[in-house]
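The values are calculated or read from the model by the stated rules, or taken from the named source; none is laboratory data. From a predicted model like this one, the values you see are computed outputs, not experimental measurements. Cβ: placed from backbone, ideal geometry, glycine included. Neighbour counts: every protein chain shown.
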Amino acid sequence: MKRSAATCALALGSIVIGLLAVGSSSCSSEPSGGTLDRIRASGKLRWGGDMQGGEPYVSEDPNRPGKLVGFEVDLAEAIAREMGVRAEFVQNDWSNLVPSLERGTFDIAMNGLEVTKARVGRVLFTRPYYIFQMRLMARHGDARVRPSLRSLRGLRVGTLANSQSWEALQDTGAEVLPYEGVEEPYIDLEVSRTDAVLLDHIIADRYGVPHTKLRVVGDLGEGYYSIAVRRGDDGLRTALDRALEAISKRGALRRILRKHGIDDAAQARLATWSDTDTTRMISERAAAQRAAGGTQADVKKPFTWHHFMLFLQGALVTLVVSTAAMALAIPLGILLALARLYLPRTPFAWIAGAYVEVFRGTPVLLQLYLLYYGLPGLWEGLKLDAWTAAIVGLGLNYAAYEAEIYRGGILAVPKGQLEAAWSLGMSTPLAVRRVILPQAFRIALPGVTNDYIALLKDSSLVSVITVVELTKRMTITAVDVRSWLVPGLLCALLYFSMSYPLSILARKLEARLHGESR
Amino acid sequence: MIDVVHLTKRFGDRTVLDDLTLHFDNGEVASVVGPSGGGKSTFLRCLNGLETFDLGSVQIGPDKLEAGGLSHAAIARIRQRVGFVFQQWHLFAHQTALENVIEAPIHVKKVARATAIEKAKALLAKVEMSHREHAYPRELSGGEQQRVAIARALAMEPDALLMDEPTSALDPSRVGDLVALLGRLAKEGLTLVIVTHDYDFARAVCTRSVALESGKVVRDGKPSDVLAETPL
C-alpha cells in the first residue's frame, strides 16, 4: 500500500512538472500587430461572447433559431464594416472570456466585459462603448438596504462572479454570493435567499425590475464596457479605437443603443470621449489594483496563503456536501432496490422503477436547477436554502444509481440463502435484513465506493446554486490571480487527496469482508 | 407426526406429485427413493412449505398446510417444527459456523443471545464441529458445512429433520461419520425423512423406505424389500 501511494505521488508530480512546462510556453503572447494583420488578411474579425448572457447583449433570436441578436451583435458588425472586414461570432463561456482571448480562441472579447481592476492588468481595453451604473436592488420593505455599500455589511448580496460589482463588494463586510446567470440572482432575492443584488443597470432593469416584490434601491457608481484585446495587440486596439470613435461621433453607436432600448443621457459622453479619457479610465483602475496589493498593473497577483486557506475551505465544503448527499443516497437507494425486488407488480415497485429511470435519465444539473429555482415557484414552502438543495439534489440523484447497485448486489446473492433463511422460520423481511442485505452490501461495496468518488467530483455542479465548493473556488481564484495553472493543480491535488484515501479505505474494507464471504 | 393427504403438485401440464397419501410416525427414519424426476425433492420441499401445491394437505403436529391459502404464521410454525438440510447446505456465507447456528434462535425464537450461544456450542459439539466454530463457510469442507447445517437446523429444536441428498456432495470416506451422527439423532427420537439415491446409505440409516415414481408411491416398506425392487 505504501509503495503504491508513493508511485502515485510520483506520477502526480511528473504531471505537475509537465503542465508547468506547457503553461510557461503558452504564456508568451503573439507578436505585436500580428492579430491586426491576420484580421485584415483573412477579412474576418472573430469576436468572443456568450449568447447565454441573454438580452440585450448577445442572444439567439427566438423567432429565428441560429440567428444572433443584441446590441453587441450590431456593434460588432458596425466595427467590422468600419475596418473593412466581416464580424464572426465565437461562442464562449462568459466567465472564461479573458482566458480564451489570451489563448487565441478569438481576436477580441466584447460581451458586457467591464473594465475592472483585475482585468486591466491582464488585457488591453479600448475606449468604452457603453457607460453603465452598478444598480442595487432589494425587496420592498427591507429597510436595511440603503443606497450605499456600507449598508450591505453583514447582508447576503448576489452578483455575477468577477464582475465590477463583485469587485466593489469585496471588503465591504457583505457576504457576496457569486452567480453564473443573470436570472438566478433576482429569483433568490425574491424568495429571501439573499438580501440584495448589485449588478449592471441593464441587467437590473431587464431581469430584476420585472419581479414585483423587488425595488431599485439606487446606483452605487458607474462603469464601462470596453472591447478587450490581448496584451501586445496595441495596433489592433488603436484600430478598434478609431472605428469606435467614428461610430460614436456620427451617432451610429447611440442609434444601436436606442434600437435595443438601452440608450440614456449618460451615453452622450461617448461621442466626445477622447484617448486621454481612456488612459484615465485605465490608470484609475490600475491605481486601485495597486492599492489593493498589486505592485504593478501588469504583474500577476501571486497565489497566497490566503488563497490556500480558501481552497481548503472549498475542499471541506465539497467533502461535507458529498458525504451528506451519500448519506441520503444510500438508505434511499436501499429502499428503492427493495421495492423493485420484493414488492413486484405493486405501485411501490412501479414508483421505484420510474424514480430510478427519471433521476438516472436526466442531468443532475437540471435537477439542481429545478429543485432550487423551480420548486419555490410552485409553492413558497418548498424554498430550500442552497446547502439543503445541494445535498438533497445530489442525494436524490445518486439514490437512483445506488438503487441499481444494491439491486445488482441482492440479485447476486444465491437464491439458496433466502430458502435457508425461510426453512428456519424467518420471514422474508427478516431474511432480507439479516441474510440478504449484509451479503449484497459486500458485493455492492466497490460500486458504492466508485459512486462516492464520482460524487466528490460531481458535487462541483452545486456551484450553479451559489454553493462555493472547491471547483468554484478554483475558478474564482484563477481569475483573481490571472492563472489557471496553480489553482487548477492545487484543486486537482485536493480532489485527489480526498478520493485516493477513500479508495484505499474501501479496498481494505473489501479485503476484510472478502475474508468472511464465500 | 407428519400426515400427507392427497398431495398433488403440478408444474404447468406436468403432474409432479400425484395424489400422495403418506404418514410418518414420530421417531421414524425414512428414506424417499426413486428415479430422478420422480418428485422426491419436490415432495420434501412441500413438507416444509418451501413449495406450494395444488391439492391435498400436509399436517404437522397441530398445524396444517393446505393447497392455496397458507397463513404466514402457520408456515413459520411448521418450519420451526421441521428442520431442512439442503443438498448444498446453504450456510449463511457472511457468518461463522457459530453465528449460523445462533441466527434463527435469536431472531425468530427471540432466545437471549447468551442462551443461544451456550446451546449452539453444545450442538456444534454434538456434530463434532466445536473446533471450527469461528470458521466461515468458505473455509469449511463439504462434510463440515453439512454438520454445521444440521446443527443450525437442530438449534430450532425441531421434531423432524428433512434432508435432501445428504451424501451426494459428500466425500465417500465421510459417509460413515454421517451415518453415525444420524444414528445418534434417531436414537434421541428425532424423526428423519431423507431423500437419497444412495441405497447403501439408506440401508444403513433407515427403518423405512418409500419409492416414488412419476409422482406416485410405488413401494413402501422395509428398506431391504423396497430398495431391492427399485432400480437406481
Query raised in the report: Take the residues of region B:119-131 that are assigned to a helix (DSSP H, G or I) and surrounded by fewer than 19 Cβ atoms within 10 Å (Cβ to Cβ): which is nearest to the other protein chains (Cβ to nearest Cβ)?
Result: B:Lys119
Query - Test: residue in region A:404-413 that is at the interface with chain B (Cβ under 9 Å from one of its Cβ atoms) and within 46 Å of the chain's Cα centre (by Cα) - result: yes
Query raised in the report: For region A:75-101, what are the residues that are over 20 Å from the mean Cα position of the chain (by Cα) and either hydrophobic (A, V, I, L, M, F, W, C) or crowded, with 19+ Cβ neighbours inside 10 Å (or both)?
Result: A:Leu75, A:Ala76, A:Ala78, A:Ile79, A:Ala80, A:Met83, A:Val85, A:Ala87, A:Phe89
Requested in this report: Would you mind telling me which numbered condition in (1) under 22 Å from A:Ser499 (Cβ atoms); (2) at pLDDT 95 or above A:Leu365 fails?
Outcome: (2)
Query raised in the report: Restricting to region A:389-435, what's the tally of residues that are buried (at least 23 other Cβ atoms within 10 Å of the Cβ) and among the charged types (D, E, K, R)?
Result: 1
Query raised in the report: Restricting to region A:439-464, what's the tally of residues that are of a type in the set (A, V, I, L, M, F, W, C) and in contact with a strand residue (DSSP E or B) (Cβ under 9 Å, 6 or more places away or on another chain)?
Result: 1
Report summary line: Exactly one of A:Ala324, A:Ala339, A:Ala349, A:Ala354 is in the same structural domain as A:Lys415 (by TED's automatic domain parsing), touching a residue at least 40 places away in the same chain (Cβ under 8 Å), small (Gly, Ala, Ser) and assigned to a helix (DSSP H, G or I), and that residue is A:Ala324
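Taking the conditions exactly as written (in contact with a Gly (Cβ under 7 Å, 6 or more places away or on another chain) and either part of a strand (DSSP E or B) or of a type in the set (Lys, Arg) (or both)), does B:Arg174 satisfy them or not? Working first, answer last.
Details: in contact with a Gly (Cβ under 7 Å, 6 or more places away or on another chain): yes; either part of a strand (DSSP E or B) or of a type in the set (Lys, Arg) (or both): yes.
Here the answer is yes, as B:Arg174 does meet what is asked.
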Requested in this report: Would you confirm whether any residue within region B:94-107 is modelled with pLDDT of 95 or more and closer than 30 Å to B:Lys9 by Cα?
Outcome: yes
Query raised in the report: When you go through (1) touching a residue at least 12 places away in the same chain (Cβ under 8 Å); (2) surrounded by fewer than 21 Cβ atoms within 10 Å (Cβ to Cβ) one by one for A:Ala511, which number turns out not to apply?
Result: (1)
Report summary line: Those helices (runs of 4 or more DSSP H) completely within region A:384-454 that have 2 or more residues that are of a type in the set (Ser, Thr, Tyr) are A:386-412
Query raised in the report: Has region A:280-292 got at least one residue that is more than 26 Å from A:Pro56 (Cα to Cα), modelled with pLDDT under 90, assigned to a loop (DSSP other than H, G, I, E, B) and not polar (S, T, N, Q)?
Result: yes
Query raised in the report: When B:Leu162 is evaluated against the numbered criteria (1) hydrophobic (A, V, I, L, M, F, W, C); (2) modelled with pLDDT under 95; (3) under 15 Å from the mean Cα position of the chain (by Cα), which criterion, by number, is the only one it fails?
Result: (2)
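Take the conditions among the small types (Gly, Ala, Ser) and assigned to a strand (DSSP E or B) and apply them to B:Ser168. Does it pass? Full working, then the answer.
On the way: among the small types (Gly, Ala, Ser): yes; assigned to a strand (DSSP E or B): no.
Spelling it out, it is not the case that B:Ser168 is among the small types (Gly, Ala, Ser) and assigned to a strand (DSSP E or B).
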Query raised in the report: If we scan region B:141-157, do we find a residue that is over 26 Å from B:Thr191 (Cβ atoms) and surrounded by fewer than 19 Cβ atoms within 10 Å (Cβ to Cβ)?
Result: yes
Query raised in the report: Restricting to helices (runs of 4 or more DSSP H) lying wholly in region A:62-135: which have 3 or more residues that are at pLDDT below 90?
Result: A:97-103, A:117-120
Query raised in the report: Here are some conditions: (1) in a helix (DSSP H, G or I); (2) crowded, with 23+ Cβ neighbours inside 10 Å. A:Leu505 meets all but one. Which one does it not meet?
Result: (2)
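Could you tell me whether A:Arg433 is in contact (Cβ under 8 Å) with a residue 40 or more places away in the chain, more than 8 Å from every other protein chain (Cβ to nearest Cβ) and either touching a strand residue (DSSP E or B) at 6+ places or on another chain (Cβ under 9 Å) or more than 14 Å from B:Leu91 (Cβ to Cβ) (or both)?
Numbers: in contact (Cβ under 8 Å) with a residue 40 or more places away in the chain: no; more than 8 Å from every other protein chain (Cβ to nearest Cβ): yes; either touching a strand residue (DSSP E or B) at 6+ places or on another chain (Cβ under 9 Å) or more than 14 Å from B:Leu91 (Cβ to Cβ) (or both): yes.
It is false that A:Arg433 is in contact (Cβ under 8 Å) with a residue 40 or more places away in the chain, more than 8 Å from every other protein chain (Cβ to nearest Cβ) and either touching a strand residue (DSSP E or B) at 6+ places or on another chain (Cβ under 9 Å) or more than 14 Å from B:Leu91 (Cβ to Cβ) (or both).
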Requested in this report: Count, please, the residues in region B:24-51 that happen to be modelled with pLDDT of 90 or more, among the hydroxyl-bearing types (Ser, Thr, Tyr) and out of contact with any Lys or Arg (no Cβ under 7 Å at 6 or more places or on another chain).
Outcome: 2
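Could you please let me know if A:Ala271 is over 30 Å from A:Gly104 (Cα atoms) and without any contact (Cβ under 8 Å) to a residue 12 or more places away in the chain? Before the answer, list the steps.
Values: over 30 Å from A:Gly104 (Cα atoms): yes; without any contact (Cβ under 8 Å) to a residue 12 or more places away in the chain: no.
So A:Ala271 does not fit the description; no.
Every residue, every condition in (1) within 14 Å of chain A (Cβ to nearest Cβ); (2) touching a residue at least 60 places away in the same chain (Cβ under 8 Å); (3) out of contact with any helix residue (DSSP H, G or I) (no Cβ under 7 Å at 6 or more places or on another chain); (4) not aromatic (Phe, Trp, Tyr), yes or no:
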{"residue": "B:Gln145", "(1), (2), (3), (4)": "yes, no, no, yes"}
{"residue": "B:Arg152", "(1), (2), (3), (4)": "yes, yes, no, yes"}
{"residue": "B:Asp159", "(1), (2), (3), (4)": "yes, yes, no, yes"}
{"residue": "B:Arg184", "(1), (2), (3), (4)": "no, no, yes, yes"}
{"residue": "B:Asp200", "(1), (2), (3), (4)": "no, no, yes, yes"}
Report task. Considering only residues that are surrounded by fewer than 17 Cβ atoms within 10 Å (Cβ to Cβ) and of a type in the set (A, V, I, L, M), look in region A:200-228 and name the one that is farthest from A:Ala138 (Cα to Cα). Result -> A:Val209
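Would you pick out the residues in region A:394-413 that are under 12 Å from A:Ala329 (Cα atoms) and not polar (S, T, N, Q)? Before the answer, list the steps.
So in region A:394-413, the residues under 12 Å from A:Ala329 (Cα atoms) come out as A:394-406.
The answer is A:Leu394, A:Gly395, A:Leu396, A:Tyr398, A:Ala399, A:Ala400, A:Tyr401, A:Glu402, A:Ala403, A:Glu404, A:Ile405, A:Tyr406.
Within region A:136-161, can you find the residues that are in a strand (DSSP E or B) and either surrounded by 22 or more Cβ atoms within 10 Å (Cβ to Cβ) or touching a Cys at 6+ places or on another chain (Cβ under 9 Å) (or both)?
Residues satisfying the conditions are A:Leu136, A:Met137, A:Ala138, A:Val157, A:Gly158, A:Thr159, A:Leu160.
Residues checked against (1) within 13 Å of another protein chain (Cβ to nearest Cβ); (2) under 15 Å from A:Glu419 (Cβ atoms); (3) buried (at least 18 other Cβ atoms within 10 Å of the Cβ):
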{"position": "B:His23", "(1), (2), (3)": "no, no, no"}
{"position": "B:Ser31", "(1), (2), (3)": "no, no, yes"}
{"position": "B:Gly39", "(1), (2), (3)": "no, no, yes"}
{"position": "B:Gln80", "(1), (2), (3)": "yes, no, yes"}
{"position": "B:Phe86", "(1), (2), (3)": "yes, yes, yes"}
{"position": "B:Trp89", "(1), (2), (3)": "yes, yes, yes"}
